[in-house]
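Data block below; observations after.
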Amino acid sequence: MLKSMVKVKVLNRLTGSYPHGCVAGISTLIRSKVDISLFSNIKPTWETVPFDADMDVHLTRKGGGRSSIRYFLHETIIDSSYVFRKFEVSSFKEVSRFVFGEYGVILERPDKTMVFTTVDHISEDIKFYDTLADVPAYEEHELYTRFIREVRIDHKDEIIRAMQHVNSRYQRLAFLPFSYIYKNAVDNRGIDESVPERIKKELAKRSHKDGDTVRILKDLVVVVSEQPYKYLDLSVTSRAYFDRGGAYFFRQNPVTGKWRSGNLTEWVLQNRDIRNWWIDSELFDNTCLERYAGLPAPYSFKHQLAFGALICASTYLSAEQAAKTSGQLFHLVYQNIHEGKITDDKVSLPEILGVTGPQIKYLKNYIQEEEMPQDLTAFAQCVRSEEFKRHYPDIKKRIFAVCFYLSDNGPYRHSLTSQTVCAASKTINALERTNPEKRSELIYEFRDYLKMHQAYQAYIRDLDDENPLCHEIEAFGEMPLNMKPSKIHDYHNRIQRVLDILDCSTQILMYTAAIEERKKNEASQREYTDGTYSIIMPANANDIIREGRELCHCVGRAGYIEAMAAKRDTILFLRENKNIDKPLITIEEKNGSIRQCYGYRDSYNSNSRIRDFIQDYADRHDLKINAKIYVFK
């Protein structure tokens, strides 16, 4: 943190008295250079204290400083205005002034131009050091006393009263707290005329505690919160009233104490705590808002209701319609409102979704919760897109396809593309007709399959025909985009094995030499036959890949190949002598025991003669058997 001591001694005497500043409310002149001759009653401050005045400035840094701090501010009073003078840290050259005077705020520059400005604008310039932080208490007190006695400024009384509440860690006349107090003091916004008179009266005559939720009348409920302010030792109250017309939000000005209408939407969006603030739902019994008390979880419990959900339901047309439709639709509308994707409170649910009322019922009744898209804007864009219309002309199937595309709950490699979803339209249309109980799992697997298919296609395009693995990959067969739903699981597992090989193809080629060396050195000790069956070692990595592919189990993956090459595992093939090249059973030997023994699709051996052969092999090689080597048919 920049630790600085700045002492500025102004040798020029301040004389004269004149009004200066800016005309509040002239938005067209804000940030615009204006010739000072246009202001006959405004005299620039630099004529009293020139920008190049004889200044004795000393800046001491302790422990270094942040390179982002380029300027420092020095507060002073020039005649009847309170002025913040801005200097460069490197050169101590004065670059501008913010003048708070009788008519508002004005920015003065050395080139004799004045710029109307606002507190919001100058507050953006935050990369400065405020010298008042290191001013002794008596100097600050002297400045404060002069401010009370000499400065002529709008709403001065409100500003002085608010200064009594400035937090101890901030100086009362430092730039940040002063600009904040000033901004609130001159804020003339009141209560909108559209607010019902009875709510205006309730606002003025009643007081409530933080966290109160009170039913004032049968059809009028108020929810209250108090929030601390950064610069003031005050808790400023916010209230939301609900009646048959909707919701009304008010915030109390921390400086003037007056109530003003607030932007309800913006307030809810910015206050995450309020969104999940639970209210006693019984307060809404027999009121105009009782229909919202039954909102489904997670937005209501037996006796509680989320404040944010209540505001949405009573303010946004789409949320009101969604609340009457179903829990999952309301959940999505609610989330999209809070994420800023829905900002128009007059837009209906059919307009947002791009579908009609009856089609919304299909979405509600047939699309399961985990299949629902999270982004309703993206949903509407896809439903209306020509690409989806061409491949899914039937609106119900298009809704299902768009949900399939957007509700991406299976993380694997890359995001699913709309082109892939459209190309797989036959399978997706078939999934739409399947039993809902089975559909969820099939959707998950097929979406995962399509993602892997995108990665598979990228590999195949770059696969060199001379690669020794190319033939083994091709032997897995075609990886189609369209298939019967009953085939999804098989294709999913198949492409998973292929991608595992492709992912590690470079390493597998490196492992081949080690596996060949093991075959050469260990075959005489490990291989065995009884005349009917044989146990043999793989000759290379391709042998292991083929074993896994033909038996449809996991041994063909890179992990087993690497373990075999590193001698952490030993993979053995059990074959029938009369058909010695055809995979039959795969055995894994590790740490002096037979750990796995599987046939086609991870099936167990049911042949007693093979069981006896494996037992004989284990006895001859002093191996324990920690795997199931036989089951009755």
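Just so it is clear, none of the values below were taken in a lab; they were calculated from the coordinates. Just so we're clear, the structure is a prediction, and the values are computed from it rather than from any experiment. Note: ideal-geometry Cβ built from the backbone for every residue, glycine included; neighbour counts use all protein chains shown.
Points to keep in mind about this one:
- Check: the chain dipole with +1 on Lys, Arg Cβ and -1 on Asp, Glu Cβ, in debye: 940 debye
- Neighbour-count order for GLU562, GLU370, fewest beta carbons within 10 angstrom listed first: GLU370, GLU562
- Extension gain for the segment GLU441 to ASP273, taken as residue separation times 0.36 nm less the Cα-Cα distance, is 56.9 nm to one decimal.
- Proximal lysines to LYS590, defined as alpha-carbon separation beneath 25 angstrom and excluding residues fewer than eight positions away on the same chain: LYS519, LYS520, LYS567, LYS582, LYS624, LYS628
- Inter-site label distance for ASP408 and ASN482 at 7 Å from Cα along Cβ, in nm: 2.5 nm
- Label point 7 Å beyond Cα of LYS183 along Cβ direction - residues of the stretch 107-149 with amide nitrogen under 16 Å: 117-128
- Placing a pseudo-label 7 Å from each Cα along the Cα-to-Cβ vector at ASP503 and ALA458 gives an inter-label distance of 1.3 nm.
- Among SER235, SER261, CYS288 - extreme Cα towards positive end, dipole of the stretch 197-315, charges at beta-carbon: SER261
- What the Cβ-Cβ distance of ILE625 and ALA566 gives, at R0 = 22 Å and to the nearest 0.05, is a FRET efficiency of 0.40.
- Projected label distance in nm at ASP210 and GLU150, using a 7 Å step from Cα toward the beta-carbon: 4.0 nm
- Where only DSSP H runs of four or more residues are counted, the chain gives -11500 deg cm²/dmol as its mean residue ellipticity at 222 nm, each run worth -39500 (n - 2.57).
- Comparing LEU584, ILE360, TYR511 along the charge dipole axis of the chain, the residue lying farthest to the positive side is ILE360, per the Cβ-charge model.
- Cβ-derived FRET efficiency at R0 45 Å, GLU142 paired with GLN419, nearest 0.05: 0.05
- For ILE191 and PHE92, the difference between the fully extended length at 0.36 nm per residue and the C-alpha to C-alpha distance is 31.0 nm.
- Potential lengthening between GLU369 and ARG601 on full extension [0.36 nm per residue; Cα-Cα distance subtracted]: 80.2 nm
- Where a label projected 7 Å from the Cα of GLN615 along Cα→Cβ would reach, residues of the stretch 490-533 with amide N under 20 Å: 528-533
- Across the chain, the relative contact order, built from alpha-carbon pairs under 8 Å that are at least six residues apart, equals 6 percent.
- Per-peptide average of other Cβ atoms within 10 Å, ordering 345-358, 372-385 highest first: 372-385, 345-358
- Each of the peptides 477-485, 127-135 was scored by the mean count of other Cβ atoms within 10 Å over its residues; in descending order, highest first, they stand as 127-135, 477-485.
- Percent of C-alpha pairs per 20 Å bin, the chain, short to long: 15, 26, 25, 22, 10, 1
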